[in-house]
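Asks: Below you will find the structure I want to go over with you.
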Amino acid sequence: MSFIAENIVKINALLKKTAENCARDPNEITLLAVSKTKSVDDIKNAIDAGQHCFGENYVQESVEKIQQLQSYSAQLTWHFIGPIQSNKTRLIAENFDWVHTVEREKIAERLNAQRPSHLAPLNVLIQVNINQETSKSGIELTEVATLATQIATLPHLTLRGLMTIPDPYQSEAELRATFQQMKHLFDELKQQHQHIDTLSMGMSHDFEIAIEEGSTLIRVGQAIFGERH
Ligand SMILES: *Cc1c(COP(=O)(O)O)cnc(C)c1O
């Protein structure tokens with residue numbers, strides 16, 4: 001087995017154990033393998049280990065990889081998790097199944113207009129800037145409801161939930177409090193909109209804590225593919 005395959009087996013086992021220890025169903029938590037900067041061969045190793053969901057950050061790089069992996073496309077789901085520039089929305093709308101980083105009405109409108117109509121609606125998460133002092137990406141908590149209502153009117157997008165990248169320099173207690181705030185916001189959004197089922201939080205170094213606090217999708221890069229250079 002490749003070390004990538006071994007890592008996937010290990011992380012799936014840890015995901016399951018962590019979920020069960022806090023009385024959650026492991027099947028409601030998705031492992032997203034973040035393959036940015038990694039090769040097509042690395043992704044194939046992950047596919048061989050049963051991994052089907054992949055996250056990418058850079059449009060040009062990812063579109064090339066998606067095309068090279070065309071023969072696997074029926075079994076793969078691609079998530080765009082990088083910052084979105086408005087001149088790149090068309091490539092995202094044409095090539096991805098999910099986008100985690102929507103934070104502006106204008107971007108949502110462009111993705112909606114550019115989503116090819118023969119494809120299923122693009123699944124969208126709103127990126128929330130939960131630790132405002134240290135991060136610039138995402139919208140403030142108080143703006144989530146307005147953006148959600150706007151996205152819900154767009155026929156080629158399906159609003160599925162929320163995503164966040166917390167400040168990595170918090171203590172464990174602070175990180176837990178951050179994740180809890182996100183979970184609270186997620187539960188509120190569920191009351192207001194249909195199809196809300198995804199809370200994207202947790203990365204290589206903190207996914208166990210994120211699962212304990214209610215994450216339904218963890219984005220794991222280095223713990224699967226090794227360090228990025
Ligand atoms: C790179 C990246 C990840 C993966 O981070 P690791 O520390 O390698 O697990 C997760 N989410 C986002 C948004 C990223 O850009």
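Asks: Could you pull out every one of the strands (runs of 3 or more DSSP E) wholly within the range 128-229 that has 3 or more residues that are in contact with a Pro (Cβ under 6 Å, 6 or more places away or on another chain) and surrounded by fewer than 17 Cβ atoms within 10 Å (Cβ to Cβ)?
Replies: Result: empty, no element qualifies.
Asks: Name the one entry in Ile43, Ile47 that is farther than 19 Å from Ile165 by Cα and crowded, with 22+ Cβ neighbours inside 10 Å.
Replies: Testing whether each residue is farther than 19 Å from Ile165 by Cα and crowded, with 22+ Cβ neighbours inside 10 Å leaves just Ile43.
Asks: Also, I was wondering about something else. Without any contact (Cβ under 8 Å) to a residue 24 or more places away in the chain and in contact with a Gly (Cβ under 7 Å, 6 or more places away or on another chain): does that describe Ser204?
Replies: yes
Asks: Could you grab me the full set of residues in the range 18-30 that are surrounded by fewer than 18 Cβ atoms within 10 Å (Cβ to Cβ) and within 16 Å of the ligand (Cβ to nearest atom)?
Replies: If the condition is that a residue be surrounded by fewer than 18 Cβ atoms within 10 Å (Cβ to Cβ) and within 16 Å of the ligand (Cβ to nearest atom), then Thr30 is the only one that fits.
Asks: Filter the range 23-43 for residues that are touching an Asp or Glu at 6+ places or on another chain (Cβ under 8 Å) and part of a strand (DSSP E or B) and give the result.
Replies: Residue satisfying the conditions is Val34 alone.
Asks: Taking the conditions exactly as written (more than 13 Å from the ligand (Cβ to nearest atom) and acidic (Asp, Glu)), does Glu61 satisfy them or not?
Replies: Taking the combined requirement at face value, the residue does not satisfy it.
Asks: Given the criterion within 14 Å of the ligand (Cβ to nearest atom) and in a helix (DSSP H, G or I), identify the matching residue among Ala74, Ala46.
Replies: Residue meeting the stated conditions: Ala46.
Asks: State all residues of the range 84-109 that are out of contact with any helix residue (DSSP H, G or I) (no Cβ under 9 Å at 6 or more places or on another chain) and exposed (fewer than 14 other Cβ atoms within 10 Å of the Cβ); if no residue qualifies, say none.
Replies: Passing the criteria: only Asn87.
Asks: So which pairs qualify, if the first residue must be in the range 82-101 and part of a helix (DSSP H, G or I), the second must be within 15 Å of the ligand (Cβ to nearest atom), the Cβ gap must be under 8 Å, and the two must be at least 6 apart or on different chains?
Replies: If the second residue must be within 15 Å of the ligand (Cβ to nearest atom), the pairs left are Lys88/Val59; Leu91/Val59; Ile92/Val59; Ile92/Phe80; Ile92/Ile84; Ile92/Val99; Asn95/Ser62; Asn95/Trp78.
FYI, it's all coordinate maths here, none of it is from the lab. This one's a predicted model, so the numbers in the text were calculated from it and none came from an experiment. Ideal geometry is used to build each Cβ from the backbone, glycine not excepted, and the neighbour counts take in all protein chains shown.
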